[in-house]
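Heads up: the structure comes next, in structure tokens.
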Amino acid sequence: MEEKNFFQRNMWWVIIGAVVVLVLLWGVSKYNFFVRTGEQVTAQWAQVENQYQRRFDLIPNIVETVKGVAKQEQDVFGAIAEARTRYSGALTVDDRAKAATQVESALGRLLVIAENYPVLQSSQAYRDLIVSLEGTENRISVERMKYNDLVRVFDTNVKTFPTSILAGIFGIDERAYFEVPKENQVTPKVDFVN
């Protein structure tokens, strides 16, 4: 009778062991993917916040310039100050995104008010501030798009099989997209008659 070597005697155990090792390596690889991609999402959100900070640094200058001409528009100035305070106090990315959209809404109303004051429009300081704000808004748009792209990649892996199983095991949740609320998708109305 021919004697079997170790591999022949334990072929099933070797195959099962190899499969287990491959699954573990795959799991470690995917876990590391979640960590890397999660860090990229976090870093990209920091870029969005950098641009928000640039905007927030510009807003007081614009407000002060407009205040000089439009003293009766105090409610808009209060809304801007309140929105900036909410953003500063927000603890989560979702709360910061909501507060940022409030700032955008109040800023949109401020710009509509500014349109009603031709004297303000002729001020070089105001025009310079608006050009800086437009550049900042473009940067914010680009950074938010990059953020949403990274979130899409991350969330796709969290939701798809079999990585969804690993995400559940490791307690990895979907990240929130930055979405513009419906009320901010309406173009402000400029009325020169009143």
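The values are calculated or read from the model by the stated rules, or taken from the named source; none is laboratory data. This structure is a prediction, so every number in the text was calculated from the model and none was measured. Using ideal geometry, Cβ is built from the backbone for each residue, glycine included, and neighbour counts are taken over all protein chains shown.
A compact table of results
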item	result
The lone exception for V112 - which of (1) under 19 Å from I140 (Cα atoms); (2) of a type outside the set (S, T, N, Q); (3) surrounded by 14 or more Cβ atoms within 10 Å (Cβ to Cβ) it fails	(1)
Filtered residue count, the stretch 154-163, keeping only those that are loosely packed, with under 14 Cβ neighbours inside 10 Å and in a helix (DSSP H, G or I)	2
Scan of the stretch 34-56 for residues that are at pLDDT 90 or above and among the small types (G, A, S), ordered by number	G38, A43
Yes/no for V131 being over 18 Å from T92 (Cα atoms) and not aromatic (F, W, Y)	yes
Residue match in the stretch 79-90 (condition: farther than 13 Å from I59 by Cα, crowded, with 19+ Cβ neighbours inside 10 Å and of a type outside the set (A, V, I, L, M, F, W, C))	yes
Hey, S141 modelled with pLDDT under 80 and among the hydroxyl-bearing types (S, T, Y) or not	no
Matching residues, the stretch 13-47, being touching a residue at least 60 places away in the same chain (Cβ under 8 Å) and not aliphatic (A, V, I, L, M)	G27, K30, Y31, F33, F34, T37, G38, Q40, Q44, W45, Q47
